[in-house]
Amino acid sequence: MMKPRCTVAPTERPVSLGEAKARLADAEQVDAVTLLERALWGAGDADAARSALGLAFARAPEWRAQAAVERRLLPPLYPES
């Protein structure tokens with residue numbers, strides 16, 4: 001059984017390429033971003049990275065589903081009843 005995937009962008013924008021990669025659910029898209037990182041840092045082939053990115057992101061990014069409820073450290077001061 002496949003896990004549900006979320007194609008809706010996260011509510012907060014990623015601040016780095018690494019953070020965006022961590023939020024991706026699709027393995028092909030993650031691999032393409034890894035190739036991009038290697039190419040950016042001089043340890044990879046830029047043409048291969050560009051080709052992989054084009055194929056992986058021909059469709060919309062598939063984001064990991066975010067937790068429905070965030071755990072708070074403290075209860076709210078004025079709870080709504």
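Give the residues of the stretch 1-31 that are at pLDDT 95 or above and in contact with a Phe, Trp or Tyr (Cβ under 7 Å, 6 or more places away or on another chain), sorted by residue number.
Pass one, the stretch 1-31, residues at pLDDT 95 or above: 26-31.
Of everything in the stretch 1-31, just one residue is at pLDDT 95 or above and in contact with a Phe, Trp or Tyr (Cβ under 7 Å, 6 or more places away or on another chain), namely GLN29.
Cβ contacts < 8 Å: first residue touching a residue at least 24 places away in the same chain (Cβ under 8 Å) and closer than 15 Å to THR34 by Cβ, restricted to the stretch 45-63; second residue surrounded by 14 or more Cβ atoms within 10 Å (Cβ to Cβ) and among the polar types (S, T, N, Q), any location; separation 6+ or different chain. Result?
ALA56/GLN29; PHE57/GLN29; PRO61/GLN29
Only residues in the stretch 1-29 that are farther than 16 Å from ALA56 by Cα and small (Gly, Ala, Ser) count as the first member; pair them with residues that are assigned to a strand (DSSP E or B) and modelled with pLDDT of 75 or more, Cβ under 8 angstrom, at least 6 apart or cross-chain, and list the lot.
Pairs found: ALA9/TRP63.
The values are calculated or read from the model by the stated rules, or taken from the named source; none is laboratory data. Since this is a predicted model, take the numbers as computed values, not measurements. For neighbour counting, all protein chains shown are included, and Cβ atoms are generated from backbone atoms with ideal geometry for every residue, glycine included.
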